[in-house]
Structure formats: structure tokens, C-alpha cells
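Some notes on the structure that comes next.
The values are calculated or read from the model by the stated rules, or taken from the named source; none is laboratory data. Just so it is clear, the structure is predicted and the values come from calculations on it, not from any experiment. All Cβ positions, glycine included, derive from the backbone under ideal geometry; neighbour counts span all protein chains shown.
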Amino acid sequence: MQVERNKSILKKYIPAESVDIIALWIYQFDFKLKIKKGRSTKYGDYRPPVKGQNHQITINHDMNKYAFLITLVHEIAHLANWQENKNAVKPHGNDWKNHYKKLITPFMKETIFPVDVISALHKYMENPAASSCSDPYLFRTLKNYDEKHNGVLLEKLPINSVFSLKNGRLFKKGEKIRTRYQCLELKTNKIYLFAPIAEVFLVQEK
């Protein structure tokens, strides 16, 4: 049965107690879930049905299980909002926020999320934004559950540190302007703005 197959796949990506609900929603909302390789520009997205095809949701594979679940529910809220309103409302307006708050409610318990994630998620859900990573408190809390690696938040590096992105591009950290850091790309000498919570990799200068 398709629901059971979905459960076996979902167990790899989300907390065990959330699997039954999500597997049921995939069936009820009738959407195709695609697990994608890591994308630096987004964690997930929703596409409405076109030419008779199913709704489609894509989620990056390289998130921890709590971040994966939160992102997935975020995208399912887009689906529910589209079913009710089509394109008549803003993608991240009040209608979407209400759907998101309703859909996340069954998961707000300690058998699914750690206590610190629940606390951060409650605060975020007071006024959810376009992405969970836009909320520094929730983002930092979720990062505590990532697998250990060499990445570091940009805000932790001293000014003038050289760092790289996952794609190998090299930058030098500059001063903070309002909410973002001005960083110089070494190859092009162009200035880019980075959020303090951007994950980067320190380059040890010789």
C-alpha cells in the first residue's frame, strides 16, 4: 500500500511519531514529495498542480529531522492555502499563516520535538515568516541538532576572516551594515550581503 511505502521513506527524515500524520497527509492532500539534494537558495518549495499533475513539494535531504519536519509542514500549509484560495491571497500572508499554525499544532509535543525546539517554534509561530531560517532564534536552536561538521555561523567569525561557501567560493568578512555583513568575494572583488546566521567554512590562511 502506498501509505505504508511512504511511512518507510519518511522514517529516514522526520521524528518517528510524526510519520503517521505526514503519511496520511500525503494521501489526503494528494501531493508528490520529492527529496532533493541540498540547495543553498531554499530548503523546500511547493508547486501547485499543472496540466493534471499532482501538487509537488520538494525538501532538501541534508537537514536534521526537526528542521525537515518544520519545513515540510511549512510547504503543506502552502498547499492547503492554495486549495482554499488559489492565487487570490499572498503566499505568506495571514491565510497561509493560519494554515501553518493549524497544521503544526499536532506536532507541538515533546515526543516529537525537544523542549528547546518547541519553545523556539512557539515563539516563531506567533508570526511565522517565509522561512524558518529567517528567525534567528529558531534557526540557531535547530542548528544544535545538525550533524557535527566544520561549518560555523558567519557571526562567530572575526572581521576580515576568509571563509568559503559549500560551492567553494571564497569571501572576506567585512563590517556589519544594519542586519547583514558586507563580504568581499575574493575572485571578483564584488561585495555581497550575508545574514549573520549564514553557515560558512573558515579558511585557514597560510
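Is it fair to say residue 128 is in the same structural domain as residue 25 (by TED's automatic domain parsing), in contact with a strand residue (DSSP E or B) (Cβ under 8 Å, 6 or more places away or on another chain) and in a loop (DSSP other than H, G, I, E, B)?
Details: in the same structural domain as residue 25 (by TED's automatic domain parsing): yes; in contact with a strand residue (DSSP E or B) (Cβ under 8 Å, 6 or more places away or on another chain): no; in a loop (DSSP other than H, G, I, E, B): yes.
In short, no.
Please find, among 145, 66, the residue that is assigned to a loop (DSSP other than H, G, I, E, B), in contact with a Phe, Trp or Tyr (Cβ under 7 Å, 6 or more places away or on another chain) and surrounded by 14 or more Cβ atoms within 10 Å (Cβ to Cβ). Full working, then the answer.
Details: 66 fails: assigned to a loop (DSSP other than H, G, I, E, B).
Result of the check over 145, 66: 145.
Of the residues 67, 80, which single one is assigned by TED's automatic domain parsing to the domain that holds residue 18, touching a His at 6+ places or on another chain (Cβ under 6 Å) and touching a residue at least 12 places away in the same chain (Cβ under 8 Å)?
Every option except 80 fails the conditions.
Which of (1) over 30 Å from residue 113 (Cβ atoms); (2) outside any strand (DSSP E or B); (3) free of Cβ contacts under 8 Å to residues at least 60 places away in the same chain is the odd one out, the single condition residue 167 does not satisfy?
Result: residue 167 passes all but (3).
Of all residues in the stretch 1-24, count the ones that are touching a residue at least 60 places away in the same chain (Cβ under 8 Å) and either within 19 Å of the chain's Cα centre (by Cα) or part of a loop (DSSP other than H, G, I, E, B) (or both).
2
Looking at the stretch 98-111, is at least one residue more than 18 Å from residue 138 (Cα to Cα) and either assigned by TED's automatic domain parsing to the domain that holds residue 194 or among the small types (Gly, Ala, Ser) (or both)?
no
Got at least one residue in the stretch 50-63 being among the basic types (Lys, Arg), assigned to a loop (DSSP other than H, G, I, E, B) and either in contact (Cβ under 8 Å) with a residue 40 or more places away in the chain or not assigned by TED's automatic domain parsing to the domain that holds residue 165 (or both)? Spell out how you get there, then give the answer.
Start the filter on the stretch 50-63 by keeping residues that are among the basic types (Lys, Arg), which leaves 51.
Next cut, assigned to a loop (DSSP other than H, G, I, E, B) only: 51.
Filter once more, keeping what is either in contact (Cβ under 8 Å) with a residue 40 or more places away in the chain or not assigned by TED's automatic domain parsing to the domain that holds residue 165 (or both): 51.
Yes - at least one qualifying residue is present in the stretch 50-63.
Can you tell me which condition residue 164 does not meet? The list is (1) surrounded by fewer than 17 Cβ atoms within 10 Å (Cβ to Cβ); (2) in the same structural domain as residue 90 (by TED's automatic domain parsing); (3) not basic (Lys, Arg), and all the others hold.
Here residue 164 meets the rest and fails (2).
Which count do you get for residues in the stretch 100-124 that are assigned to a helix (DSSP H, G or I) and either among the charged types (D, E, K, R) or within 17 Å of the chain's Cα centre (by Cα) (or both)?
Final tally of qualifying residues: 14.
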